[in-house]
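Novice: If you scroll down you'll find the structure; I have some questions about it.
What follows draws every value from the coordinates through simple rules; no lab data is involved. Keep in mind that what you see is a predicted model, and the values were worked out from it rather than measured. Cβ atoms come from the backbone with ideal geometry, glycine included; neighbour counts cover every protein chain shown.
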Amino acid sequence: MKFGIVVFPGSNCDHDAYHATKHVLGQDAEFLWHKDTDLKGADVLMLPGGFSYGDYLRTGAIARFSPIMREVQSFAAKGGPVLGICNGFQILLEAGLIPGAMLRNRGVKFVCQQVHLRVEQTDTPFTCAARKGQVLKMPIAHGEGNYFAEPAVIAKLEANRQVIFRYVTAAGEVTDEANPNGSLAGIAGLCNEARNVVGLMPHPERACESALGSADGLVILESAVQSIKSGVLVARA
Amino acid sequence: MIDPKVLERHGLKPDEYDRIVAFMGRDPNLTELGIFSVMWSEHCSYKSSRVHLKTLPTGGPQVLQGPGENAGAVDIGEGLAAVFKIESHNHPSFIEPYQGAATGVGGIIRDIFTMGARPIALLNSLRFGSLEEPATRRILEGVVAGIAGYGNSIGIPTVGGEIAFEPSYAGNPLVNVFCLGIAKATDIIKGVAEGAGNAVYYVGAKTGRDGIHGATMASAEFDDKSAEKRPAVQVGDPFMEKLLLEACLEVMKTDTLIGIQDMGAAGLTCSTTEMGSRGGAGVEIDVALVPQRETGMTPYEIMLSESQERMLLVVKPGREAEVERIFEKWDLHASRIGKVTTDGLLRVKENGMVVAEIPNRALTDEAPVYERPMSKPEYLAEVQKLDLDALGARDARLRDDNAALLALLGSPAIGSKRWVYRQYDHMVRTNTVNMPGMGAGVVRIKDTDRALAMSVDGNGRYCYLDPRRGAMLAVAEAARNVACAGAKPLAATNCLNFGNPERPGIMWQFGQAVDGIGEACRALDTPITGGNVSLYNETDGQSIYPTPVIGVVGLLEHADRVVSRCFRSAGDAIVLLGEGRGELGGSEYLKVAHGLVQGGPPSLDLKAERALQDLLVELASARLMRSAHDCSDGGLAVTLAECTFDTGGIGADVAIDDVKVAGSADTNRAAALFGESASRVVVSVVPDAAAGVLKRAKAAGVPARVIGQTGGHDLRIAVGGHVAVAVAVSDAERVWSSAVEHYFAKQVA
Amino acid sequence: MRARVFVTLKPSVFDPQGKTIADALHSLGYGGVEDVRQGKYFELDLATTEAAQARTLAAEVADKLLANPVIESYRIEVE
């Protein structure tokens, strides 16, 4: 199977995503330039982290209009698995593939540190190899990870089980202290209604080798492989 | 006849002007004067420092590129080179902290990728006044935000650094930024213009009026009118630089370039004339072809502009279209602005008319070289005296050694800098093996088993007390930090931050420091591959401490043998390598407990230091060290405490010898605990390995003793048989963690 | 013709930057500044010379790119 990693001007973590999928996971991976419209037969799309267009105007606001995003949208509409990491998640939000928006971290500053996430739902292509309630350690590195949506939208997301990852303590508890950026409801990652598009602020591709601090991120990429290989893309609950 | 006010505004002295006239055979016009003023500024010409820098060791089998290019390079095996340099951006960071620091980062990154290397790591060395001052906090916040803003955006991890606080830097903060990149050893590209008729291209941001006279500003002291100089600071665009970086690296793979150089200080002037000079050629450009973002710019403004994120390229004949196409892919426009000539002149035209014409060599090789007078400053005799028997009582708040240790750990100088480096993305590119705060920064090199360790270190206070020894100690410390990580130190880069060189006392400090660096680099086999000099760091006649900052790069042949400062488990043996002599001169303890900056810095035996560093590399390679951390600010007690932090609470129980340096038992004990004697490392090893480690140390001629073991939840240190320090690790860690943070803590709901 | 677009955070959205600025002003002695909300200001140089057209175009541009409707609202001035 093949991972397609979209590269926007200013993407930085594209190489990290490539390394994780190709060299650590041992899968096929290819870069997809933002001006192209050919997805090169990718089974799974990744929108990586970075500072597309310098984060100018708003994070992800300009990248969402890149030519390739039209293909990403139709791929997603057909049920194709799409993973947005950090800036990739911000682009998915701006593109409307997932509802809500990102604000500046409540501490105003950029934060790079390890955090703990709890897997809330396992019926997505990126969590099917994990256990519900599993706590994963992986790093965040962002200045705008403070998730916001109107209360009605949040209620709907919760009711629909669209919250996929939440910030927790190492013991798995949702506390304010464990929330590194002020995200409403401790939301670290969400999926769309159809459950094939997942976005998260933390970086699983930076947590695939224990020498770098944690290998907990592997399960997210392994889930993608598993869901493609088993042919069962998304188990609708 | 030149108006003396015009000369002064250009930072040129009357005799320098006479030299210009002699070179040109006539009076220079204003554009030519501007060009001379920036190229002959201290910042670009190194006129006060060249005679001294020439004495530094720059060679060695590992050196692929020494000083003279945009950065230095060393062979790291497997056909690869590490390309690195350190640079300062001090004066702009005082005037506009965010952009000053940001553009400093941008500048050093360009110096690396212009050589054909992909930048993979950043370090920074920052110095500020006291955090008690709101002005200092404002500057620190701005500088850190600027470094973060630029480095994070362009996606290069900041993996380490140092921050020091001394009143000496209050009006003259120091911002030194180090960058390292990797290139194929055979693919290193130089900044050279060759081949008559070859096209000269400009690519990157459009030229505006920013930073005109930035080079001359960096060569001037500050006074009350500094606020008016604000327009001279440039605004950085890390997104543009990311595009430039990717596009340039892509172009370089196609072998279409003769040479390339970034436009930094003195912008278009410096890059054209330096490239021409190196190639023994001339460069002719037409400013009308230079992309401009403001209207009505004069040739003077265009040549002196320091707009950021611009590169100058010389393209192989017939390959121009290829180069242009690659840049277009990245939405960049490469503009042909001129050509290489054979007449050795920098010729500037405007719409075909010559507006300036100067021999390249006059601007570069023939720039003035001064042997400025040096004389030992008078303050030294007094300040070097330290009578430990006449110290008097220490600060009343330090009731006992526990309190003294906590005071040191809680001082911003020694305390955790996590509040700062959390703002830097230190993990992007998934290579960082030793995180900031763990010792030297270590990044692995993908597709090899190797890793590189790097550290930047300096101590202005030591250099104030003894510039030569202080500089030697800086080299030793940087190399030692690298060796503690298990890496063999390969080479060094230096950033020399000093006051006004026209004052003989300052020049003496400079000369002494360079001597010290040279001697240490020779002994430790870390040749200088390049660096930077920043002079005139003075405000209203008050100079900073002489502050040479040294960056050392080392090689780990096996990345998995990297070592960090943290104890790994209870029950490990703690070995002290090296010997403490209870030296309190110039120490952090003396300052905190007695309010004194006095005495001489610790002695340094370079042979012993070398033996120690070689031993560390050997022990790491044999996987014998569970952790390693060297002694520096605050001495052994601080080092031991730091080994217990970030471990989940692993304590230590050690016993060290007393020293006899004074009549008072309290002073002796303090000297044993907090003395800053050099060439000491605290290593933890599995108990079974201790004997073997001691044996290897003995064979290497390095003093070594088991002083205790890890375990428990306290740090206990006995001196001469009596417990002097007994603190809970959690208490010590709490104090250390909040040392810097509490100055900035604001809970935003 | 020039259009000015003022983009502001919706009232329900927490503004950490605005709060930081307000705190800074308070510490400088400006207790009289009770709250600060940070927004963005855009100047658009438009080809049209008709005010109505300028307003429509500016609104379209604001809707499409300049403002994120989830968290921001905007108003337009045309001169």
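Novice: List the residues, sorted by chain then number, that are 5 or more residues from residue A:84 or on another chain and whose placed amide H is less than 5 Å from its amide H.
Specialist: Amide H neighbours of residue A:84, under 5 Å, 5+ apart: A:47, A:198, A:199, A:200.
Novice: On to the next question. On a straight-distance basis, which lysines could pair with residue C:10 in a cross-link, Cα separation under 20 angstrom, same-chain partners fewer than 8 positions away excluded?
Specialist: Partners within reach: C:19, C:40, C:64.
Novice: Report the extension gain between residue B:713 and residue B:55 in nm, rounded to one decimal, defined as 0.36 nm multiplied by the number of residues separating them, less their alpha carbon distance.
Specialist: Full-extension gain reported as 231.8 nm.
Novice: Per residue of segment A:166-178, what does 6.51 cos²θ - 1.76 cosθ + 1.60 with θ = phi - 60° give for ³J(HN,Hα)? Whole Hz please, x for Gly and Pro, Karplus curve as stated.
Specialist: With coefficients 6.51, -1.76 and 1.60, one gets 10, 6, 9, 6, 4, 8, x, 9, 7, 10, 5, 5, 7 Hz.
Novice: Skipping prolines and chain starts, which residues have an amide H placed within reach, meaning under 5 Å, of the one on residue B:440, given they are 5 or more residues away or on another chain?
Specialist: B:485
Novice: A further question on this structure: For chain B, what is one quarter of the convex hull surface built on the Cα atoms, given in nm²?
Specialist: Hull-based average projected area comes out at 31.3 nm².
Novice: Once phi is turned into θ = phi - 60°, what whole-Hz ³J(HN,Hα) does the Karplus curve with 6.51, -1.76 and 1.60 give for every residue of segment B:91-97, x standing for Gly and Pro?
Specialist: 4, x, 6, 7, 6, 9, x
Novice: Let me know the mean shielding of C:11-21 by other chains, meaning the per-residue number of their Cβ atoms within 10 Å of its Cβ.
Specialist: Values: counts 0, 3, 5, 9, 3, 12, 6, 1, 5, 7, 1.
Mean inter-chain Cβ contacts per residue within 10 Å come to 5.
Novice: What does the extension gain come out to for residue B:390 and residue B:3, with contour length at 0.36 nm per residue minus their alpha carbon separation?
Specialist: 133.5 nm
Novice: While we're on this one: Using Cα positions and a limit of under 18 Å, work out the lysines in reach of residue B:13, with same-chain residues fewer than 8 apart set aside.
Specialist: B:5, B:47
Novice: Using alpha carbons only, how many angstrom separate the centre of segment B:628-645 from the centre of segment B:542-574?
Specialist: 11 Å
Novice: Counting Lys +1, Arg +1, Asp -1, Glu -1, what net charge surrounds residue C:77 among other residues with beta carbon under 12 Å of its beta carbon?
Specialist: With Lys, Arg at +1 and Asp, Glu at -1, the neighbours total +2.
Novice: What order do you get for B:456, B:203, B:735 when you list them from fewest to most C-beta neighbours inside 10 Å?
Specialist: Values: B:456 28, B:203 25, B:735 21.
By the 10 Å Cβ count, ascending, the order reads B:735, B:203, B:456.
Novice: Once you treat every alpha carbon in segment B:236-291 as an equal point and sum by Debye, what is log10 I(q)/I(0) at q = 0.26 Å⁻¹?
Specialist: -1.18
Novice: Between 0 and 90 degrees, rounded to the nearest ten: what's the tilt of helix B:690-700 against the longest Cα principal axis of chain B?
Specialist: So the inclination is approximately 60 degrees.
Novice: Quick one: Cα centre-to-centre distance for segment B:351-366 and segment C:44-77, in angstrom?
Specialist: 50 Å
Novice: Would you work out the relative contact order for chain B, in percent, from Cα pairs under 8 angstrom that are 6 or more residues apart?
Specialist: 15 percent
Novice: Work out the charge dipole of segment B:98-140 with +1 on the Cβ of Lys and Arg and -1 on the Cβ of Asp and Glu about the Cα centre, then indicate which of B:131, B:120, B:101 is farthest towards its positive end.
Specialist: Farthest towards the positive end: B:120.
Novice: Report the rotationally averaged projected area of segment B:560-701 based on its alpha-carbon convex hull, in square nanometres.
Specialist: For segment B:560-701, the mean projected area of the Cα convex hull comes to 9.0 nm².
Novice: Now for a separate question. Highest mean first, what order results for B:177-187, B:601-611 on Cβ atoms within 10 Å?
Specialist: Values: B:177-187: 22.4, B:601-611: 19.7.
Top to bottom by mean Cβ count within 10 Å: B:177-187, B:601-611.
Novice: Rounded to two decimals, what is the ratio between the C-alpha radius of gyration of segment A:11-65 and 2.2 N^0.38 Å?
Specialist: 1.23
Novice: Here's a follow-up. Per-residue ellipticity at 222 nm for chain B, helices alone: DSSP H runs ≥ 4 residues times -39500 (n - 2.57), over residue total, nearest 500 deg cm²/dmol?
Specialist: The helix contribution divided over chain B gives -10000 deg cm²/dmol.
Novice: Same structure, new question: Say each of residue B:78 and residue B:403 gets a label point 7 Å from the Cα, pointing the same way as Cα to Cβ; how far apart are those two points in nm?
Specialist: 5.4 nm
Novice: By how many degrees, 0 to 90 and rounded to 10, does the Cα axis of helix B:467-484 deviate from the longest principal axis of chain B?
Specialist: 80 degrees
Novice: Related question: Would you mind giving the average projected area, over all directions, of the Cα convex hull of segment A:97-237 in nm² with one decimal?
Specialist: The Cα convex hull of segment A:97-237, projected and averaged over all directions, gives 8.1 nm².
Novice: For segment B:7-161, state what percent of all Cα-Cα pairs lands in each successive 10 Å bin, counting from 0 Å until the bin that includes the largest distance.
Specialist: For segment B:7-161, the pair-distance distribution reads 9, 27, 29, 25, 10, 1.
Novice: Collect residues whose amide H, placed 1.01 Å from N in the peptide plane, falls under 5 Å from the amide H of residue B:707; neighbours closer than 5 in sequence don't count.
Specialist: HN-HN under 5 Å from residue B:707: B:574, B:575, B:576.
Novice: What distance in nm separates the simple spin-label points at residue B:294 and residue B:333, each placed 7 Å from Cα in the Cβ direction?
Specialist: Those two pseudo-labels are separated by 2.0 nm.
Novice: If the reach is capped at under 20 angstrom between alpha carbons, list the lysines near residue B:660, excluding any in the same chain fewer than eight residues apart.
Specialist: List returned: B:385.
Novice: Scaled to the compact-protein estimate 2.2 N^0.38 Å, what is the alpha-carbon radius of gyration of chain A, rounded to two decimal places?
Specialist: Details: Rg = 15.8 Å, N = 237, 2.2 N^0.38 = 17.6 Å.
Compactness ratio reported: 0.90.
Novice: Name the helices (complete DSSP H segments) of chain A with a Cα length along the long axis of 15 Å or more and a Kyte-Doolittle mean of at least -1.0, or state none. If you can, show how the numbers build up before the last one.
Specialist: Working: long enough: A:67-77 (16 Å, 0.28); A:218-229 (16 Å, 1.19).
Long hydrophobic helices here: A:67-77, A:218-229.
Novice: Of B:558, B:43, how do they rank once you tally other Cβ atoms within 10 Å and put the fewest first?
Specialist: Starting with the residue having the fewest Cβ neighbours, the order is B:558, B:43.
Novice: What list of ³J(HN,Hα) values in whole Hz, one per residue of segment B:132-146 in order, does the Karplus curve 6.51 cos²θ - 1.76 cosθ + 1.60 (θ = phi - 60°) give from phi, with Gly and Pro shown as x?
Specialist: So the J values, rounded to whole Hz, are 5, 8, x, 4, 5, 4, 4, 5, 4, 4, x, 4, 5, 5, x.
Novice: Here's another thing I want to ask about it. Residue by residue through B:426-437, how many Cβ atoms from other chains fall within 10 Å of the Cβ on average?
Specialist: 6
Novice: Thinking of segment B:298-400 as a set of Cα atoms, what percent of all their pairs are more than 21 Å apart?
Specialist: Everything past 21 Å amounts to 67 percent.
Novice: Please work out the FRET efficiency for the pair residue C:23 and residue B:132, using the Cβ-Cβ distance as r and a Förster radius of 30 Å; give the result to the nearest 0.05. It would help to have the intermediate numbers written out before the result.
Specialist: Working: r = 19 Å, r/R0 = 0.65.
According to the calculation, E is roughly 0.95.
Novice: Would you check segment B:241-362 for Lys pairs whose C-alpha atoms are within less than 23 Å, ignoring same-chain pairs closer than 8 in sequence, and give me the count?
Specialist: For segment B:241-362, the number of qualifying lysine pairs is 9.
Novice: What is the distance in Å between the Cα centres of segment A:154-183 and segment B:109-183?
Specialist: 34 Å
Novice: So how tilted is helix B:14-24 from the main axis of chain B? Cα-based, degrees 0 to 90, rounded to 10.
Specialist: The angle comes out at about 50 degrees.
Novice: In nm, to one decimal, how far is the modelled label at residue C:6 from the one at residue A:108, with both set 7 Å along Cα→Cβ?
Specialist: About 2.3 nm, to one decimal.
Novice: What does a probe at residue A:37 reach in segment B:297-336, counting residues whose amide N is under 14 Å from the point 7 Å along Cα→Cβ?
Specialist: none
Novice: In addition: With a 10 Å Cβ neighbour count serving as the proxy for reagent exposure, in which order, fewest first, do B:303, A:69, A:1 appear? Please report the intermediate quantities before stating the final value.
Specialist: Values: B:303 29, A:69 21, A:1 16.
Least crowded to most crowded, the residues run A:1, A:69, B:303.
Novice: What percentages, rounded to whole numbers, describe P(r) for the protein assembly as shown computed over all alpha carbon pairs with 20 Å bin width beginning at zero?
Specialist: 12, 42, 36, 9, 0
Novice: Rounded to the nearest 0.05, what FRET efficiency do residue B:726 and residue C:40 give with R0 = 56 Å and r taken as the Cβ-Cβ distance? Could you check?
Specialist: That pair, residue B:726 with residue C:40, gives E of 0.50.
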